[in-house]
């Protein structure tokens, strides 16, 4: 009887621990998605300079503000105005190819523009040194 109670209590403790980890991961992902959506709102409004200013430090060391503004304008302008965006997937990662270890969430959005009805945006926020989620990567297909 005592063994059965101990096994039940141990099982309950494991379930509580696992659910706590899952909830923590979900909160990290939610905060990263919020940061990505705020950043995308700047991009959608053609505030490319401000999107660079609010990006992760690692992003800003890889590309100059002027180059970012020119590149993003060249990519986004032909697409036309933003119409809609919905999350296709999100994945918490601690390693990414070509990036230092850290906390990342790779988010893929199904996005529609006036000039391109179906595209996929990949936005990768990372936990910056100050504890805030900031975008470290952006790709559109």
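The values are calculated or read from the model by the stated rules, or taken from the named source; none is laboratory data. Here the structure is a predicted model, which means the values were calculated and not measured. So basically every Cβ, Gly included, is an ideal-geometry build from the backbone, and we count neighbours across all protein chains shown.
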Review point. Of all residues in segment 45-55, which are surrounded by fewer than 17 Cβ atoms within 10 Å (Cβ to Cβ) and outside any loop (DSSP other than H, G, I, E, B)?
Key: 49, 50, 53
Check your understanding: Does segment 61-77 contain any residue that is under 15 Å from residue 134 (Cα atoms) and exposed (fewer than 12 other Cβ atoms within 10 Å of the Cβ)?
Key -> yes
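Just one of 71, 58 is part of a helix (DSSP H, G or I) and within 26 Å of residue 26 (Cα to Cα); which is it?
Selected residue: 58, the only one of 71, 58 that is part of a helix (DSSP H, G or I) and within 26 Å of residue 26 (Cα to Cα).
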**Study point:** Enumeration of residues in segment 1-44 that are farther than 18 Å from residue 137 by Cα and either modelled with pLDDT of 95 or more or surrounded by 12 or more Cβ atoms within 10 Å (Cβ to Cβ) (or both)
**Key:** 25, 26
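Would you pick out the residues in segment 78-92 that are part of a helix (DSSP H, G or I) and either surrounded by 12 or more Cβ atoms within 10 Å (Cβ to Cβ) or modelled with pLDDT of 95 or more (or both)?
Listed by number, the list holds a single entry, 79.
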Check your understanding: In segment 131-141, what residues are within 18 Å of residue 27 (Cβ to Cβ) and either without any contact (Cβ under 8 Å) to a residue 12 or more places away in the chain or assigned to a strand (DSSP E or B) (or both)?
Key -> 131, 133, 134
